[in-house]
Every structure is written in C-alpha cells, then in structure tokens.
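Structure record follows, encoded as structure tokens.
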Amino acid sequence: MTIARKFTLALLACVVVAVTAYAIIAVRDELARREADIVEYETSTAHALRPAIRDVWLQDGESRALRLIQDAQQRLGDVDLRCVSLDASAPAAMKPRVDPSGLGSIAEGEDVVIVDRAYDGVGRILTYVPVRVGTPAPMAIEVSRSLAGHGQIRRSVVRNVALTALAVALVSALVTTLLGLVLIERPLADLVTQARRVGEGDLSYRIATRRRDEIAGVAHEMNRMCNRLREARESERLQADAKTQALAQLRHADRLATVGRLAAGLAHELGTPLNVVQARAKQMTGVALPAEQVQEKSRIIVEQVERMTKLIRQLLDFARKRELQPSEVDVRALVASAVSLLEPIAKKRSVRLEITGEDTLPCLVDREQMTQVVLNLVMNAVHASPPGGEVAMRLGHDKAVPPAEDGRPEQPCVRIEVRDHGTGIAPDALPHIFEPFFTTKGVGEGTGLGLSVVYGIVKDHGGWINVDSSEGKGSVFTVWLPERGRA
C-alpha cells in the first residue's frame, strides 16, 4: 500500500471519528433543545390555563373545572392535561403520575418540572404548576408530553450527519488522493526509479524538481550523490588504469631484468655453436673439399645456426611487452621451454633441473606471462640451491579449494610445484615475500619484484600460490591454476 493511500485512509478515519463525535454532540444538543422547548411549552400552557381553571373551580365547582381541562386537552391534542391533588387520599384519577414526594415545593407555589425517561418505556416530561382553588391539599395542573418523538429526531440527526460525513469523506478522499498522487506518489516513484538505476550501475538518471519540500530535498541529495558517485567511478577507473599500467611496467621491468640474467648464461651457450660454425666455415674456405664433406659441414653449420636462432628468438619473445592473451597452452611444454632458457645458469651453478609429472597438461593461460612465472620461481630456486643441488618441478592436476577469502568452491586445477633444497626462508620473512621490493638477497642481487610479479600474474589468472619453507631444508612453491582460466 502506498503512502498516499495510507494517508487517505488515515484522513478518512479521522473524518469518521470527528463526524461520529459531532453526531453524538449534535443529537444530545438537539434532544436537550427539544426537551427545553417542551418544558417551556408545557409551562406556558399551564400558566395560561391556571387563571381560567381557578375561576371556574371557585365559581362553578370542581366538575366544571375538570371539564374545562378536558376541553383544553382536546383542543391542544399533543399534550396531556390533568388537575392533580397532593392529598394521599385523593382518588386515582386525581393523583399525579410521579411520586408525590418530589412535588413538595408545589405547596410553596413553585413550578416543578420532572423528566421521567423510563415512563411507559419511552419517557415523558411532566410539568406541575400550582393552582389555588381553596382545597385543604395543594392542587396543581399537570401538563405532560411523551418523548416518543426523540427516536425520530435522533435518527434524523444521525442521517443528516451521516450524509454530511459521507460527502466530506468523498471530497476528502478525492482531494487527498489527487494531492497524494502529485505531492507524494510521483516524486517517490522518481526516487525509487533513480535508486533502482543507481543499484544497477546507471548514474545518469536525474530527478528534475522545482519544489521546496522534504521530498525535493531528498531528490536533490540523490542527484548530488549520483554526481559524486560518477566522479568517484571515473576517478577509480583512472586509478585502476594507472595501476594496471604500473603493474604492466613492473612486470616488463622484471622480465627485462630476467632477460639480463639469462643473457649472461646465453652468452656462454651461444659460444659453443659459434665456435663450431667458425671452425666448419674455415675448413670449407681453406682447401678444396669433396662434395660430401662440404654438404656435411654445411648441415652442421645450419643446425648450429638454427640452435642459436631458436635461443635468441625465445629470449626476444619473452622480453617483448604485450597484453594479456589467454589461450589453451600445454603447461608441460611451457615449463620445458622456460627451463631450457635457465639451463646455462643452472649448469654454471652446478644445479640440476628436473621435470616430472604428466606429459600433457592443457590450461587456459597467457603463455608469455606464465613463462615469466616459471622463470622467476625456477631462477629463485637455482639461486637458493647449493652447488650440486637439484631443483625439481612436479606437474599435475588435482581438485583444490581456493583460499577462504576468494569464497569459491573446489575446482579442477593444474599444479606447478617448484622445489629446492636450499637455505629456506626465515619465518619472519615468509609473510612478506610477495610484497613489492621485498628481498632477502644482498644489494645488487635482486630487485624484490620477482615474487610480487609472480603473485600478481597468478592472481590475474584466477589462481593462487602456496609456500612451504623450512630454514636449512629448502622451499616449495606450488602454483594452482584453474584449468578453464579465471572463474
């Protein structure tokens, strides 16, 4: 039920209560006025008849006076006239209709008015006017009139008041409905529409009003709120864009730093095939060789050039800045490709790299960004491992439950586990390892961006990282990636 209808019903209830009270008061006043008119009429009638009755009684006797009273009643018709005696021994026809004990003041010559509402079941007003006719007991003229007409008066007043109340109620309901529609329902409907559209994300709706009441004040505040929300949304969008660009730059910077660390190892890796190419080329240019030897040496040169080209292209592809482009990738092949870039560094530090697990692991990821994740984790593991150590990469897929703050159910995931047997991570440093620029390495040995970049990339893919580390025993980094990408 709308507020306007509630207001209309409340107003109608007030009208009904007010009209009911008015009807009660009007009926009471009308009955009191009618009773006063009856008393006045009876008193004036008795006073008008008293001289004639007294004279006739004194001159012509009692019977003639009683006949005069009967004649007067016949002429008046609407009242009862009697001559009564206060003598207890008087005949029944001469006794008053009420208890004589209430008529004591008649002897002193005072009029007495008695309203007996229980008389004959409908009530009667009796007026006694004393008359002196020379009898030992006091005499009085009794004029009475029935209250039977009061019911009709009551019904008439109630009917008139009810008709008036109905007319007032109808007019009030019509006026209240129209005013409620214009002043309450339509403005509130606009507020509801604006609130609903704001809830749906549409901040363009505005309420136009020239009123100066409370609802208009709410409308103005809603418009101001939408303006502020739109400004906040735009500011948030700009901040998000800036954050995205900053993250992209940080990741690219970390990628370039990784390229720099890989380049030193690749320089040695490229030295061997270059020496082979140089030696075979000198042999071919120094003396004339049989066609079979020229063909064999040319084949060796082509193989070594293709090997160097593959290494350089792989490094350049990794260093290239690009947007997130998820596609279905074989994680096993991706890890193997990343490990091939790290083999020179691992050999230089006498660390063995081992990949175990399932041969084929399809997953929806960005190839280059996930390569950066594997490179950072494996490179950290290589640096943490002692000479002669081993970095093991175990691959597989399992059902896993995301962290509680994600609020997601269990889902099938690809698991990338990187394990080393190095010095491990101190317990006080473990909560901070994914913070930007946090590093446990010496000055000049790390930027502190590697793990934070890893964390951000994995989270962008809808995954998460678990870390288990013990000082002196090594660390295990486990990356969980939803098989179908970010949920």
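The values are calculated or read from the model by the stated rules, or taken from the named source; none is laboratory data. The structure displayed is predicted, hence computed values, not measured ones. FYI the Cβ positions are ideal-geometry reconstructions off the backbone, even for glycines, and counts take in every protein chain you see. Quick note on the areas: whole protein, heavy atoms, side chains included, nothing else; ligands and nucleic acids left out. Shrake-Rupley method; radii C 1.70, N 1.55, O 1.52, S 1.80 Å.
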Odd one out for Leu81, checked against (1) assigned to a helix (DSSP H, G or I); (2) open to solvent by less than 50 Å² (accessible area, probe 1.4 Å): (1)
Yes/no for Pro402 being loosely packed, with under 11 Cβ neighbours inside 10 Å and either in contact with a Lys or Arg (Cβ under 9 Å, 6 or more places away or on another chain) or modelled with pLDDT of 85 or more (or both): no
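Would it be correct to say that Leu229 is touching a residue at least 24 places away in the same chain (Cβ under 8 Å), loosely packed, with under 15 Cβ neighbours inside 10 Å, under 19 Å from the mean Cα position of the chain (by Cα) and more than 30 Å from Ala23 (Cβ to Cβ)?
Working: touching a residue at least 24 places away in the same chain (Cβ under 8 Å): yes; loosely packed, with under 15 Cβ neighbours inside 10 Å: yes; under 19 Å from the mean Cα position of the chain (by Cα): yes; more than 30 Å from Ala23 (Cβ to Cβ): yes.
Spelling it out, Leu229 is indeed touching a residue at least 24 places away in the same chain (Cβ under 8 Å), loosely packed, with under 15 Cβ neighbours inside 10 Å, under 19 Å from the mean Cα position of the chain (by Cα) and more than 30 Å from Ala23 (Cβ to Cβ).
Pick from Glu358, Glu405: which is over 25 Å from Met308 (Cβ atoms) and free of Cβ contacts under 8 Å to residues at least 24 places away in the same chain? Break it down into steps so the answer makes sense when it comes.
Values: Glu358 fails: free of Cβ contacts under 8 Å to residues at least 24 places away in the same chain.
Residue meeting the stated conditions: Glu405.
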Search result, residues across the range 57-78 that are farther than 18 Å from Ser146 by Cα, open to solvent by 50 Å² or more (accessible area, probe 1.4 Å) and small (Gly, Ala, Ser): Ser63
Unique match (being among the acidic types (Asp, Glu) and without any contact (Cβ under 8 Å) to a residue 24 or more places away in the chain) among Asp87, Asp78, Asp60: Asp60
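Just a yes or no: is a residue in the range 97-112 in a strand (DSSP E or B) and either closer than 15 Å to Ala46 by Cα or modelled with pLDDT under 75 (or both)?
Taking the range 97-112 and keeping what is in a strand (DSSP E or B), we get 112.
Add one more test, that the residue is either closer than 15 Å to Ala46 by Cα or modelled with pLDDT under 75 (or both), and what stays is 112.
Scanning the range 97-112, I find at least one residue that is in a strand (DSSP E or B) and either closer than 15 Å to Ala46 by Cα or modelled with pLDDT under 75 (or both), so the answer is yes.
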Some residue of the range 190-205 being of a type in the set (S, T, N, Q), over 30 Å from Arg28 (Cα atoms) and at pLDDT 80 or above: yes
Test: residue in the range 373-387 that is farther than 19 Å from Thr478 by Cβ and at pLDDT 90 or above: yes
Test: residue in the range 104-114 that is surrounded by 12 or more Cβ atoms within 10 Å (Cβ to Cβ), touching a residue at least 12 places away in the same chain (Cβ under 8 Å), acidic (Asp, Glu) and more than 30 Å from Arg5 (Cα to Cα): yes
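Might you check whether a residue that is assigned to a loop (DSSP other than H, G, I, E, B), among the hydroxyl-bearing types (Ser, Thr, Tyr) and either more than 30 Å from Thr20 (Cα to Cα) or in contact with a helix residue (DSSP H, G or I) (Cβ under 9 Å, 6 or more places away or on another chain) (or both) occurs anywhere in the range 149-170? Steps first, please.
Within the range 149-170, the subset assigned to a loop (DSSP other than H, G, I, E, B) is none.
Looking through the range 149-170, none of the residues is assigned to a loop (DSSP other than H, G, I, E, B), among the hydroxyl-bearing types (Ser, Thr, Tyr) and either more than 30 Å from Thr20 (Cα to Cα) or in contact with a helix residue (DSSP H, G or I) (Cβ under 9 Å, 6 or more places away or on another chain) (or both).
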Test: residue in the range 4-16 that is buried (at least 17 other Cβ atoms within 10 Å of the Cβ), in contact with a Lys or Arg (Cβ under 6 Å, 6 or more places away or on another chain) and closer than 30 Å to Val168 by Cα: no
Single condition Glu142 does not satisfy, out of (1) modelled with pLDDT of 80 or more; (2) part of a loop (DSSP other than H, G, I, E, B); (3) among the acidic types (Asp, Glu): (2)
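When the residues of the range 23-50 are narrowed to those that are of a type in the set (Val, Ile, Thr) and without any contact (Cβ under 8 Å) to a residue 40 or more places away in the chain, which ends up surrounded by the fewest Cβ atoms within 10 Å (Cβ to Cβ)?
Looking only at the range 23-50, we keep the residues that are of a type in the set (Val, Ile, Thr), and these are 24-25, 27, 38-39, 43, 45.
Remaining after also requiring without any contact (Cβ under 8 Å) to a residue 40 or more places away in the chain: 24-25.
On the way: Ile24: 13, Ile25: 11.
Filtering first and then ranking leaves Ile25.
Could you please let me know if Arg64 is at negative phi, in a helix (DSSP H, G or I) and at pLDDT below 85? Give the derivation first.
On the way: at negative phi: yes; in a helix (DSSP H, G or I): yes; at pLDDT below 85: no.
So Arg64 does not fit the description; no.
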Count of the range 361-399 residues which are surrounded by fewer than 20 Cβ atoms within 10 Å (Cβ to Cβ) and under 13 Å from Ile416 (Cα atoms): 6
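Got a sec? Which strands (runs of 3 or more DSSP E) wholly within the range 332-421 have at least 3 residues that are touching a Pro at 6+ places or on another chain (Cβ under 7 Å) and within 23 Å of Trp464 (Cβ to Cβ)?
Working: elements: 352-357, 362-366, 390-400, 411-419.
It comes to 362-366.
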Any hit, the range 121-139, residues being loosely packed, with under 14 Cβ neighbours inside 10 Å and closer than 28 Å to Arg34 by Cβ: yes
Residue list for the range 454-487, restricted to those being at pLDDT below 80 and either assigned to a helix (DSSP H, G or I) or among the basic types (Lys, Arg) (or both): Arg484, Arg486
